[in-house]
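Colleague: Take this structure, written in structure tokens, and hold onto it; I'll ask about it next.
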Amino acid sequence: MTEATAKIGQLMMEDLVSMHAEFRCFHGPDNSSFPGWIKNLDREQVPALLKKVVFGESGDDLGSWMRLYSLDDIESCMKKVQAVKFAEEVCYNGTLIIKALSSGLDIGACNWLINGPNGSLSYVSDSIFVSHHARNFDFHGLKGTDVLIYSDFSSLQSAEVTENGCISPDPDNNYISTTSSDNKDSLLNTEDSLEEMEKLEFICSCAAESADAGGSTLITITRIGIVLQLLELMSNSLESSSLKVPIFVISSVAEELLAYTNTIPEWLCEQQQEKLISGEPSFGHLKFIKDKKIHLFPAIHSPNLITSWQEPCIIFAPHWSLRLGPSVQLLQRWRGDPKSLLVLEDGISSGLGLLPFRPIAMKILQCSFLSGIRLQKLPTLLSVLQPKIVLVPDAVNQRINFAAMKTISILNYFENKTLRVPRIADNPSVEITTDLASKLSWRKLRQRENFGIARLKGGLLMEDGKHRLVSGLEQEESSGKARPLRHWGSVAPESLLDALLKIGIKGSLEQSIGETGSDDNSIIHIANPSSGLIEVSEMGTAIITDDENVASQVFQAIDGILDGI
């Protein structure tokens, strides 16, 4: 994974462990092997959705529940991770060259490019073409790969479908060149990003309305990119208004996480990078933290938070599940206040999430943010990238009509099923140095025109994803006098008789009949200058004579007929 993803992911895991430790500290473990709330799940009033979450589809799968990892587990896990820097190429096992390319979804989020001796493979996960905080989707590195694995499931539930239930690609875009700027520009339009900004601005306006009415706002969204944008937008909004409302960020890793985002400009969008170049902080929250308009606290019971507490306020606090962290205590405090606002991210059942807090009078705003490629843009993306083979989930293939895209081979893959992908490159290339190539004695083949072959004393190595020929200390071929050690093809007895006659060796041909009645082998009897025998069959050619000079001459005649090395 990328260094940015590894660092942010580690901090998020550490925050979860901290919240869980706080939960156990307040509530304490009981004597049961499972939490007490599980004992009441058989009651009729318990929602079916909750039972499904706990017991699984079959209704009896408690075995899938595991203890939460510890800080030691996280440390041990991160030691096994090889983090990749931005645009860094790393070599795995001398065979594969792996490179992370920005996906645009969030800071550090990436797609992968893998190059090897037998071809190239790209892996496209949840991606956003244009982002207001993270680096945009990187098209260049993904173009023209042999195989593309498409693994973005985010838009399946929100895809727009036609009357027959499919999304048909634009037929005019099926044969577009990979250098077509029109196609790429259509993917890079700002329509989606502007829509996302409108959502964020709407959240800010709702929070301001609640504060103006005397209510507080609790935001449980934890996507780092969304949080960074909301912090900046809300701070600017409050600064331009007459409201004096504090913004609190409560998390054990808030300070370290927000500081880290200012140290990785390579993963930020151009606008944020330009701020850094001009000497400004990449994100506006750093200025507001310095001006004491945004306050960071590690826990809800922090002494500084208690002394700084003021209502109404705007609070960013985990956990999105509403079962752990500061969000639980804050919801208990404000659930009966109709002037207060709760902001949730789409993806969780608000009914199930808010079940322990009922009755609830708070206003609830549940938002859905773009988290992947819109399904109707996939055909255009494939037209731009032009891979030879595309692997798509069966669920995606059922909703898009790929029939018109004849220049690209589409294969479906299924969960827990093996898919065989045809090999693209039958003959992988081999690198050889100019110095070594100049030492080889190339021999043109008779049976294949414009084709040469040479013998090499050395080795074939795999290094940096490429086959390389490495020579030994000695090269017999440099003298050009090396005798061929291997021949292939079949010897025509008549041609061999003619070749022997040209060098002064006379002989006669005898055909031997096999058990099936057909010619089994041929025998050439040599009478002059010395007696001998040449037996020619499908299995090989044998030279039998007591005269080494004659044997050498016969070998040269055969060498003149067959290709060898």
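The values are calculated or read from the model by the stated rules, or taken from the named source; none is laboratory data. Just so you know, these numbers come straight off a predicted model, no measurement behind them. Here the Cβ is made from the backbone with ideal geometry for all residues, glycine too, and neighbour counts use every protein chain on show. Keep in mind that these areas ignore ligands, DNA and RNA; they rest on the heavy atoms of the full protein, side chains included. Shrake-Rupley method; radii C 1.70, N 1.55, O 1.52, S 1.80 Å.
Colleague: Given the Cα atoms of region 186-317, and with Rh set as the inverse mean 1/r over their pairs in the Kirkwood sense, what is Rg to Rh to two decimals?
Modeller: Across region 186-317, the Cα-based Rg/Rh ratio is 0.97.
Colleague: Please tell me the relative contact order of region 334-408 in percent, rounded to the nearest whole number, where contacts are Cα pairs under 8 Å and at least six residues apart.
Modeller: Here the relative contact order equals 29 percent.
Colleague: Okay, next question. Using the basic label-point model (7 angstrom from Cα toward the beta carbon), what is the SER552 to THR434 distance in nanometres?
Modeller: 3.9
Colleague: Once R0 is set to 56 Å, what does the formula 1/(1 + (r/R0)^6) return for the Cβ-Cβ distance between GLU535 and GLU256, expressed as a FRET efficiency to the nearest 0.05?
Modeller: Efficiency, rounded to the nearest 0.05: 0.10.
Colleague: Using θ = phi - 60° and the Karplus relation 6.51 cos²θ - 1.76 cosθ + 1.60, list the HN-Hα couplings for region 540-547 in order, rounded to whole Hz, with x at every Gly or Pro.
Modeller: Couplings: x, 10, 10, 10, 10, 6, 8, 9 Hz.
Colleague: On to the next question. Name the long-range amide H neighbours of HIS467: under 5 Å, sequence gap of 5 or more, or other chain; modelled H, no Pro or chain starts.
Modeller: GLU431
Colleague: Taking only protein heavy atoms and a 1.4 Å probe, what accessible area per residue, in Å², does region 207-273 have with all protein chains in place?
Modeller: 36
Colleague: Moving on. With equal scatterers on the alpha carbons only and no solvent term, can you work out the Debye log10 of I(q)/I(0) for region 296-375 at 0.10, 0.14, 0.16, 0.26 1/Å?
Modeller: Log10 I(q)/I(0), no solvent term: -0.28, -0.53, -0.67, -1.40.
Colleague: Over all distinct Cα pairs, what is the inverse of the mean 1/r for region 277-335, reported as the Kirkwood hydrodynamic radius in Å?
Modeller: So the Kirkwood estimate lands at 13.4 Å.
Colleague: For LEU188, project a label point 7 Å along Cα to C-beta. Then give me every residue of region 269-292 with its amide nitrogen under 18 Å of that point.
Modeller: 269-274
Colleague: With a Förster radius of 25 Å, plug the Cβ-Cβ distance of LYS444 and ASP498 into 1/(1 + (r/R0)^6) and report the FRET value to the nearest 0.05.
Modeller: The pair LYS444/ASP498 has a calculated efficiency of 0.70.
Colleague: With +1 assigned to the C-beta of every Lys and Arg and -1 to the C-beta of every Asp and Glu, and no other charges, what is the dipole magnitude of region 207-294 about the Cα centre in debye, to the nearest 20?
Modeller: Dipole of region 207-294, to the nearest 20 debye: 240 debye.
Colleague: Would you kindly work out the equivalent ellipsoid of region 88-163 from its C-alpha gyration tensor and give its semi-axes, the square roots of five times the eigenvalues, largest first in whole Å?
Modeller: Working from the Cα gyration tensor, I get semi-axes of 26, 16, 9 Å.
Colleague: In whole Å, what is the distance between the alpha-carbon centres of region 195-241 and region 300-367?
Modeller: 15
Colleague: Something else about it: Hey, rough spin-label estimate for SER70 and GLN271, points 7 angstrom out along Cα→Cβ, what's it come to in nanometres?
Modeller: 4.5
Colleague: Whole-Hz ³J(HN,Hα) for each residue in region 450-457, computed from phi via Karplus 6.51 cos²θ - 1.76 cosθ + 1.60 with θ = phi - 60°, x for glycine and proline: what do you get?
Modeller: 6, 10, x, 8, 8, 9, 10, 9
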